[in-house]
1. Are any of the residues in the stretch A:195-215 over 31 Å from the mean Cα position of the chain (by Cα) and small (Gly, Ala, Ser)?
2. Looking only at the stretch A:38-91, how many residues end up being over 30 Å from A:ASN209 (Cβ atoms) and free of Cβ contacts under 8 Å to residues at least 40 places away in the same chain?
3. Starting from residues that are touching a Pro at 6+ places or on another chain (Cβ under 7 Å) and more than 19 Å from B:GLY261 (Cβ to Cβ), keep the ones in the stretch A:123-145 and report whichever is nearest to the other protein chains (Cβ to nearest Cβ).
4. Quick one: B:VAL231 ticks every box in (1) within 11 Å of chain A (Cβ to nearest Cβ); (2) buried (at least 17 other Cβ atoms within 10 Å of the Cβ); (3) modelled with pLDDT of 85 or more except a single one, so which number is it?
5. Is there a residue in the stretch A:186-193 that is at the interface with chain B (Cβ under 9 Å from one of its Cβ atoms) and either touching a residue at least 40 places away in the same chain (Cβ under 8 Å) or on the phi < 0 side of the Ramachandran plot (or both)?
6. Might you check whether a residue that is over 24 Å from B:GLY267 (Cβ atoms), surrounded by fewer than 13 Cβ atoms within 10 Å (Cβ to Cβ) and either within 12 Å of another protein chain (Cβ to nearest Cβ) or out of contact with any helix residue (DSSP H, G or I) (no Cβ under 9 Å at 6 or more places or on another chain) (or both) occurs anywhere in the stretch B:104-120?
7. Of the residues in the stretch A:88-122, how many are within 7 Å of another protein chain (Cβ to nearest Cβ) and either closer than 18 Å to A:ALA216 by Cα or buried (at least 16 other Cβ atoms within 10 Å of the Cβ) (or both)?
8. Looking at B:ILE218, is it under 25 Å from B:PRO246 (Cα atoms), surrounded by fewer than 20 Cβ atoms within 10 Å (Cβ to Cβ), in contact with a helix residue (DSSP H, G or I) (Cβ under 6 Å, 6 or more places away or on another chain) and in the same structural domain as B:ARG242 (by TED's automatic domain parsing)?
Amino acid sequence: MTIVGRRSPGDKIFDTCNAILMVLFCITILYPVWHVAVVSFSTAEKANELGLKILPNPASMASYRAIFKTSTLGIAYGNTILRTIIGTGLTVFFKMCMAYGLSKKKMPLRNGITTMLLVTMFFSGGLIPTYFLVRNLRIYDTFWALVIPGMLDAYTIFIARNFVMSLPDSLEESAIIDGANEVRVFFQIILPLCIPIVAVLSLWGVVANWNAWFDALVYTRKRDLLTLQLLLRQMLIESQSSVFLENEVGGGRDYAINRETYNAATIMVTIGPIILAYPFAQRFFIKGIMVGSLKG
Amino acid sequence: MKESWGGVSAPLPVDRPERISMRKKRKSVPAGRFAKSLSLMPRYRFVYLLMLVGIAYFLVFRYVPMYGVLMAFKDFKYKLGILGSPWIGFTHFKRILGNPGFYEVLLNTFEISFLRLICGFPMPILFALLLNELRWGRFKKTVQTISYLPHFLSWVVLGGIFTELFSPSRGVTSYLLKLFGTTPIYFLADPSWARIIVVVTGIWQEVGYNSIIYLAAISSIDQEQYEAAHVDGARRWQQAIRITLPSLAPTITILLILGMGGILNAGFDQIFNLYNPATYKTLDIIDTYVYRHGLIDMDYSYSTAVGLFKNLVGLCLMLSTNFVVKKVNGSGIW
């Protein structure tokens, strides 16, 4: 963007080095994902070999077949999708409600509510009191424990509020003069105008819910509530993989797969939707951080 | 708030007129203000209705746990509840301060955070500057898009990926080390290596994403400045250092203050998914310590006390950084 005039030889050297550096950086990001993908399609024998994993040779779907046979993966996928849909829906809706309310400059208690939210950005009760709250509210080990405790946060509400405040007042004004109340105004005028920020909040919500694992780890125990991330964590870190393999895949042990290919396949199914949606969705994230940084 | 007047709502005043009146100098009448705002409340009943769930959420899920912090001053028993458990004053805090294990964790937290800040803070700025110098638009866009990717993967996934990559028997690092004729290193089980891995992968994950804010600031710089500098004979690196970097200063300041405030957050998600008993010595941070002592060992009051201690220190750090920046710079965040 700063190109004015001709490039000197020094410039050319710099540009080349810079481009090489950038390519190397991209490789450090793309290769690890590719590596795991290759391992997931490899046979056990090949997966254990030392070396760069460029292509699976021979390619094998055995690991995928094995994980798709288990009922646990189905449960985990179902719960992850469910929490992503419901969690994102609730998050976005109630954040927008708060944003709309806080955009009313003349409303009594507006400053009080703003301060109440602001305080939570700098101070929190911490892990243990929140854990007991979830237990005492009787949502421990229920689906709601995955959705509700992290539903709202002050920072994104303020970002959304700034967006609402940047809308012209005239439309709302005329609706109110025509006798509509604020609830109608919110649904019929404000929300349709807020589609850009709703899209950003939704994408944040989807990513956060899809990637969430700590709430599932702390607030749930039941196998029925297992999410993909928690399942993956159990397999990777708590090394229940072998147990899992025997219990779930059952029957004769399949020597074409081992823990590594099995884990790699689970990683791939977990990040699959994100990787597939990423090229289309990423510009919204950028938009989101711009909205947040320029006005917040 | 909820009562409706016969189901028909009277036309309500909107905010617009007030905005106009705000331009005039408003004389505040403190005594009348409270009564006036009280009388305004019914008009906003529908707005309050919309906000009802949100406000309840913050009171219940954010403020009740703050009250739950009282546990730190009690000998908490689950059966007795928070109020019913006996007070024991600062016993747990004395336990914290008398516990050498805690100092180790505190030191780890500071060391990891400072490493992250010193090595990691300039990286997105550097990355933004370098990216900005790329000439071929599509290449630039592609690099940018790829650079954000790790931000959108959870640390459970990344933990799995890095365990594979750094594996001594199969990993790429072992392969590369072998090429150079060195013996494999078990990076994630070696206390000193593991810490380096944590810092490096942490930076790697966020460089691209954190550079967005700087790129936004760069794109808002007036192009004429560059043209003028060029006419005056400034080289590209001179332009970068004399024009681009100073233009980023306000953004850098704000992010630095926020970074200082978060210095006690040494990256729970990442460390929790990368550490293991072999590397507790260098990777155990306050958050992981609270988790293990609180939820695994069920030492509830003690770990609440540790969490409270962390929160208070973090708050003080942020306020004092802001104070210093304000003195030096003229303006902080507040």
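The values are calculated or read from the model by the stated rules, or taken from the named source; none is laboratory data. Please read all numbers here as calculations on a predicted model, not as lab measurements. Positions of Cβ are generated from backbone atoms using ideal geometry, with glycine treated the same way; all protein chains shown enter the neighbour counts.
1. To start, the set of residues in the stretch A:195-215 that are over 31 Å from the mean Cα position of the chain (by Cα) comprises none.
For the stretch A:195-215, residues over 31 Å from the mean Cα position of the chain (by Cα) and small (Gly, Ala, Ser): absent.
2. Step one: list which residues in the stretch A:38-91 are over 30 Å from A:ASN209 (Cβ atoms), which gives A:42-60, A:62.
Within this subset, residues satisfying the condition of being free of Cβ contacts under 8 Å to residues at least 40 places away in the same chain are A:45-46, A:49-59.
Here the count works out to 13.
3. Among those residues, the one meeting the criterion is A:PRO129.
4. Every listed condition holds for B:VAL231 apart from (2).
5. The initial filter retains those residues of the stretch A:186-193 that are at the interface with chain B (Cβ under 9 Å from one of its Cβ atoms), namely A:186.
Then drop every residue that is not either touching a residue at least 40 places away in the same chain (Cβ under 8 Å) or on the phi < 0 side of the Ramachandran plot (or both), which leaves A:186.
Within the stretch A:186-193 (the criterion being at the interface with chain B (Cβ under 9 Å from one of its Cβ atoms) and either touching a residue at least 40 places away in the same chain (Cβ under 8 Å) or on the phi < 0 side of the Ramachandran plot (or both)), the answer is yes, since at least one residue qualifies.
6. Here is the first cut: in the stretch B:104-120, the residues over 24 Å from B:GLY267 (Cβ atoms) are none.
No, there is no match, as no residue in the stretch B:104-120 is over 24 Å from B:GLY267 (Cβ atoms), surrounded by fewer than 13 Cβ atoms within 10 Å (Cβ to Cβ) and either within 12 Å of another protein chain (Cβ to nearest Cβ) or out of contact with any helix residue (DSSP H, G or I) (no Cβ under 9 Å at 6 or more places or on another chain) (or both).
7. Keep residues of the stretch A:88-122 that are within 7 Å of another protein chain (Cβ to nearest Cβ), which gives A:94, A:97-98, A:100-101, A:104-108, A:113, A:116-117, A:120, A:122.
Applying the additional criterion that residues be either closer than 18 Å to A:ALA216 by Cα or buried (at least 16 other Cβ atoms within 10 Å of the Cβ) (or both) yields A:94, A:97-98, A:100-101, A:104, A:106-108, A:113, A:116-117, A:120.
The number of residues fulfilling the criteria is 13.
8. Working: under 25 Å from B:PRO246 (Cα atoms): yes; surrounded by fewer than 20 Cβ atoms within 10 Å (Cβ to Cβ): no; in contact with a helix residue (DSSP H, G or I) (Cβ under 6 Å, 6 or more places away or on another chain): yes; in the same structural domain as B:ARG242 (by TED's automatic domain parsing): yes.
For B:ILE218, the condition - under 25 Å from B:PRO246 (Cα atoms), surrounded by fewer than 20 Cβ atoms within 10 Å (Cβ to Cβ), in contact with a helix residue (DSSP H, G or I) (Cβ under 6 Å, 6 or more places away or on another chain) and in the same structural domain as B:ARG242 (by TED's automatic domain parsing) - is not met.
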